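Okay, so here's the structure we're looking at.
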Amino acid sequence: MPGLVPGIHDFLFPGQDVDGRDKPGRDVAGTAGVVMTYIAKPKFHHPGLKKNELGYTHRDYEGKISTLCAGCGHDSITASIIEACYELSIEPHRVAKISGIGCSSKTPDYFLGNSHGFNSVHGRMPSVLTGANLANRDLIYLGVSGDGDSASIGFGQFAHSIRRAVNMTYIVENNGVYGLTKGQFSATADRGSKSKKGVTNTDNAIDLVAIALQLGATFVARSFSGDKTQLVPLIAAAIRHKGASFIDVISPCIAFNNHAGSTKSFDYVREHNDAVNRLDVLVGRDPISVDYAPGTVQVVEQHDGSRLALRKLDADYDPHDRLGAMTFLQKHAAKGQIVTGLLYVDPEAEDLHTHLDTVETPLNTLDEQALCPGSAVLDKINASLR
Amino acid sequence: MSVQSPISSVNDFVVRFANVNGSGSASANELFARSILRHGVPVSPRNIFPSNIQGLPTWYEVRVTEDGHLGARGAVDMMVAMNPQTWDKDVASIEPGGYLFYDSTKPMPTSKFREDITVIGVPLTAITNSTYTDPRQRQLFKNIIYLGALCALLDLDPKLVEQLIGEQYKGKEKLLSSNVHALHLGRDWALQNLKCPIGLRVKKSDKVGDRIFIEGNSAAALGAVYGGATVCAWYPITPSSSVAEAFTSHCKKYRHDPETGKAKYAIVQGEDELASIGIVIGASWNGARAFTATSGPGISLMTEFIGLSYFAEIPAVIMNIQRAGPSTGMPTRTQQCDVIACAYASHGDTKHVLLFPEDPAEAFEFAAAAFDLAERLQTTIFLMLDLDIGMNHRLCRPLKWDDAKQYDRGKVMTAEMLEEGRDFGRYLDVDGDGIPYRTYPGTHPTKGSYFTRGTSRDRYARYSEEGAVYADNMQRLVRKFETAQDMVPRPLQANAAKPTKYGVLYFGSTSPAMDEAIGILEARGHQLDRMRIRAFPFHSSVASFIADHDFVYVVEQNRDAQLRQLIVNENGIDPVRLVPILHYDGTPITARFIANAIGDHQDHLKVTPLRKAVT
């Protein structure tokens, strides 16, 4: 009888094709026998590309080519993040991009290619971001998550990072569905909405915006991936906000949640979008150059000197009234409307570092001189323990 | 019935206090232990407490040991029975010839006592109530009054106790004098009404030396301060919470900028253990030294992140103050039961570095070293304490720090190195030790960035599901673990006086009991070479030690012989050659237990030749 052969069989691998650099210049995996798992962008670009204040072009804010489905709402958000960072003249490498797991969480690979990115654990982006932020308060923290990531498995981490006032821009790319696992409902799917397979969702939906408001986020917005003119300035303003900024971006899933009966489809969101305001972000001391009709604009000055010019679309909406915002949202949600815009901002926001009273120098730069109390102190400690 | 003569012993006995938790007895009991130390006599105290805030029984056991045996001894020579709830069991646990000290205010039926012990009644409640009116004062000073009575009974020098009280209430004159007053109330009553001293006595000695008296958790936290930890994220869980609390208090004293008063540290109490380890990993990824402290259930929750730390190669330090599992287990009882859970934590093929300190002094050293190791090896380092080391005061050598020491920040590629044109591949093994270079976020505008992920990737951190790429990386991780073997604390070996075929392996809090057991075994004619394992991966000397002996006992505090399993598994040792000696009832292992178990086994080895047995 043939039996099992005892002993350990070590995996023998050919020792080639293990990294692209073995063949210089080969940036795109995809040669015969190699599984294509990422796509790098070609390096050339137009010599006449516009440059921002720091001399960076759009291309400097881009990343690898997206591997998401053609027409995915998430790619529009990626484009908006690129646009916002370009407009703000951020040094790309001073941004840390952190995400969880899922379609949305893959996107940090598709923007800011010269930034460090961290595709962490499902639902745990907020804690990783919190730790990163504690280590170096000087970087810009961009958290990218999805509705499964933030409203289901990571609902707790979402909530606690908001209530801790971590200085971050937290973007949820909200499509109400699990894309990578092929179309299950997520916790933001509205009750009564239908899945692609025709199943009706009987569970109540979690509105992350409402929760963020309740937990004390100091910048709360909602937008639609199909409305870049609304989304870009919201992202820019959120980045300039010192405190917990949260943006819920409804981002239709072209593959699994863009059908009739879905409340997260392009058509549904366009029809039910109720924008309360439009935003312009003004950085620097330039006077407001856009002409606004009197009484229609509200200027909010943030801690860092940036100004947010809010064009009111709903005359009664006050983005400084947290309670009012919560009520407004509830009322409109009951009518089936999706309220978008800058929903709440506290220009005097504080962040976790303020609360912990940490030194201005990033903790990750402190050395033994700064951190170690030394042997003389230890001798005293020893003496007190006898 | 034969009359049992009372135990007579100087500087070698066990006193156990039976109290109700929340009654304020802890500080009086600790004062008792410390005052014996001030006589130059070593003590080894242990808290035995429930997972509860008020009302349930607690015990505090003080082993007075001129010979310096710091392990638990087992058995009680004198019971200070202050808890009616546990009276019967407490009385029953006294050694024949031992002493029972109790509050005699209310008369007790003789059936509640034993004839073979000496019963010492002191009307504590009556003395207290005639002196104090405030109920809280009555409760607290009753503890000091029994301490005073014990002073007289055990022949303690009241001046040394007063001195300690003076240090404790420095600057609080009113508290100081009232405590001293209560102490004398008890002492005077005993001197006037009882035959003092009894057979158990404390005599001044010089066996304490320059040793210090500290809890392992506090020492580990201090190690984190000295080791440069700046971020601590934790979630309360017995018996680890006092690590984070001690870190907080040490940082308040030693880690504020003298000019601005601002904190050179950040401590976050997470919403759970997942968040705690997530924060640690985020901070470490970004170049800060970060740690968390937890216990078994927390380890279970952290395992997904631990796998990320292993695979994405992010430093992390986890202090695991082990308690009896599985599940909620016995939260306030000690065990060494997470060896396997930590060594192989997380799904997929993983291996993690474990450090096993034996006492607070090593907890301090290993905690500081853990941060160097974590950054050098870019992986999770477990500091494996247990409740016995962590939550009890232990006499140990003074803590030491070399001011010339610089932190080993590991292989970090700087902006300058990138400018020089050094090839940066996040998972590229440039030195053949399996350890790649990393960069901190924000280092350079165009060079050195990479995408960290828990998915498979190539040497340049690019996503890949290609088999060869994956295997290449997994094999490098094995190389890295082999590199770790020579970086972690080596095992310590002590050979028996005479050559022997038998050895013993042990680790962590078993240490003092093992040392003591060796003496007992020698007296019984059993010679054993011993080796204390201080880390995993095991140094090659562990395998040689086993090879050098016919067989080796492996002493540990868990049911499944976890260290033995790990040795068998990692070193390919024939399990027959490793004899498990297992103690796992939640109490600290004792020398008596080890000596009996090994001694019995050794006695069985002395087989009578077959022919002799037949005839």
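The values are calculated or read from the model by the stated rules, or taken from the named source; none is laboratory data. Since the model is a prediction, treat every value here as computed from it, not as a measurement. Every residue, glycine among them, receives a Cβ derived from its backbone with ideal geometry; neighbour counts consider all protein chains shown.
Structure values in brief
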| read-out | value |
| --- | --- |
| Positions within the range A:123-153 being more than 9 Å from chain B (Cβ to nearest Cβ) and small (Gly, Ala, Ser), in sequence order | A:Gly143, A:Ser145, A:Gly146, A:Gly148, A:Ser150, A:Ala151, A:Ser152 |
| Within the range B:459-489, tally of residues that are within 23 Å of A:Ala40 (Cα to Cα), among the acidic types (Asp, Glu) and touching a Gly at 6+ places or on another chain (Cβ under 9 Å) | 2 |
| A:Gly55 being modelled with pLDDT under 95 and either of a type in the set (A, V, I, L, M, F, W, C) or within 23 Å of A:Ala236 (Cβ to Cβ) (or both) | yes |
| Evaluation of B:Ser44 against (1) in contact (Cβ under 8 Å) with a residue 12 or more places away in the chain; (2) hydroxyl-bearing (Ser, Thr, Tyr); (3) more than 20 Å from B:Ala513 (Cβ to Cβ); (4) out of contact with any Gly (no Cβ under 6 Å at 6 or more places or on another chain) (one fails), failing number | (3) |
| Where B:Tyr440 falls short, out of the listed (1) of a type in the set (Phe, Trp, Tyr); (2) in contact with a Lys or Arg (Cβ under 9 Å, 6 or more places away or on another chain); (3) within 7 Å of another protein chain (Cβ to nearest Cβ) | (2) |
| Candidate set from the range A:345-386 (those that are of a type in the set (Asp, Glu) and not in a loop (DSSP other than H, G, I, E, B)); member that is nearest to A:Ala325 (Cα to Cα) | A:Glu368 |
| Failed condition for B:Lys195, given (1) out of contact with any Phe, Trp or Tyr (no Cβ under 7 Å at 6 or more places or on another chain); (2) away from chain A (no Cβ under 12 Å); (3) under 22 Å from B:Ala368 (Cα atoms); (4) not polar (S, T, N, Q) | (3) |
| Members of the range B:407-429 found to be more than 39 Å from the chain's Cα centre (by Cα) and under 23 Å from B:Met474 (Cβ atoms), listed by number | B:Asp423, B:Phe424, B:Gly425 |
| From A:Val177, A:Val172, residue being farther than 18 Å from A:Asp351 by Cα, touching a Leu at 6+ places or on another chain (Cβ under 8 Å) and aliphatic (A, V, I, L, M) | A:Val172 |
| Count - residues of the range A:230-259 that are touching a residue at least 40 places away in the same chain (Cβ under 8 Å) and either small (Gly, Ala, Ser) or more than 19 Å from A:Ser161 (Cα to Cα) (or both) | 20 |
| Residues of the range B:379-406 classified as surrounded by fewer than 23 Cβ atoms within 10 Å (Cβ to Cβ) and over 16 Å from the mean Cα position of the chain (by Cα), total | 8 |
| Residue match in the range B:297-307 (condition: modelled with pLDDT of 95 or more, assigned to a loop (DSSP other than H, G, I, E, B) and not hydroxyl-bearing (Ser, Thr, Tyr)) | no |
| Selected residue [in a loop (DSSP other than H, G, I, E, B), at pLDDT 65 or above and within 11 Å of chain B (Cβ to nearest Cβ)] from A:Ile90, A:Ile101 | A:Ile101 |
| Selection count, the range B:177-200, where residues are crowded, with 17+ Cβ neighbours inside 10 Å and in contact (Cβ under 8 Å) with a residue 60 or more places away in the chain | 6 |
| In the range A:327-386, the residues that are closer than 29 Å to A:Tyr141 by Cβ, touching an Asp or Glu at 6+ places or on another chain (Cβ under 6 Å) and either within 14 Å of chain B (Cβ to nearest Cβ) or small (Gly, Ala, Ser) (or both) | A:Val359, A:Pro362 |
| Pairs with Cβ under 8 Å, 6+ apart, first in the range B:249-261 and surrounded by 14 or more Cβ atoms within 10 Å (Cβ to Cβ), second of a type in the set (A, V, I, L, M) and not in a helix (DSSP H, G or I) | B:Cys251/B:Ala263; B:Cys251/B:Ile267; B:Arg255/B:Ala263; B:His256/B:Ala263; B:Asp257/A:Val359; B:Asp257/B:Ala263 |
| Any chance B:Arg476 is of a type outside the set (A, V, I, L, M, F, W, C) and within 14 Å of chain A (Cβ to nearest Cβ) | yes |
| Criterion (of a type in the set (A, V, I, L, M, F, W, C), within 11 Å of chain A (Cβ to nearest Cβ) and in contact with a helix residue (DSSP H, G or I) (Cβ under 9 Å, 6 or more places away or on another chain)) met by exactly one of B:Ala246, B:Ala288, B:Ala293 | B:Ala288 |
| Residue in the range B:583-592 that is part of a helix (DSSP H, G or I) and modelled with pLDDT of 95 or more present | yes |
| Those residues of the range B:1-56 which are among the aromatic types (Phe, Trp, Tyr) and in a loop (DSSP other than H, G, I, E, B), in sequence order | B:Phe49 |
| Hits in the range B:198-223 (condition: facing chain A (nearest Cβ under 9 Å) and of a type in the set (Val, Ile, Thr)) | B:Val208, B:Ile212, B:Ile214 |
| Candidates B:Val268, B:Val317, filtered to the one that is more than 22 Å from B:Leu373 (Cα to Cα) and buried (at least 22 other Cβ atoms within 10 Å of the Cβ) | B:Val268 |
| Qualifying residue in the range A:135-158 (condition: in a helix (DSSP H, G or I), of a type in the set (Ser, Thr, Tyr) and surrounded by fewer than 24 Cβ atoms within 10 Å (Cβ to Cβ)) | yes |
| Index of the failed condition, B:Asp103 passing every other in (1) out of contact with any Gly (no Cβ under 8 Å at 6 or more places or on another chain); (2) more than 20 Å from B:Glu30 (Cβ to Cβ); (3) of a type in the set (Asp, Glu) | (1) |
| In the range B:297-345, residue nearest to the other protein chains (Cβ to nearest Cβ) [restricted to those that are more than 19 Å from B:Ala535 (Cβ to Cβ) and under 14 Å from the mean Cα position of the chain (by Cα)] | B:Thr334 |
| Of all residues making up the range B:444-472, the number that are more than 7 Å from chain A (Cβ to nearest Cβ) and buried (at least 21 other Cβ atoms within 10 Å of the Cβ) | 3 |
| Pick from the range A:306-331, criterion among the hydrophobic types (A, V, I, L, M, F, W, C), within 18 Å of A:Leu234 (Cβ to Cβ) and touching a residue at least 40 places away in the same chain (Cβ under 8 Å), ranking: surrounded by the fewest Cβ atoms within 10 Å (Cβ to Cβ) | A:Phe328 |
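Each row is one residue, and each column tells you yes or no for (1) at pLDDT 95 or above; (2) under 29 Å from A:Gly336 (Cβ atoms).
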residue	(1), (2)
A:Asp207	yes, yes
A:Ala210	yes, yes
A:Leu215	yes, yes
A:Phe219	yes, yes
A:Ala238	yes, yes
A:Asp248	yes, yes
A:Glu301	no, no
A:Ala309	no, no
A:Ala315	no, yes
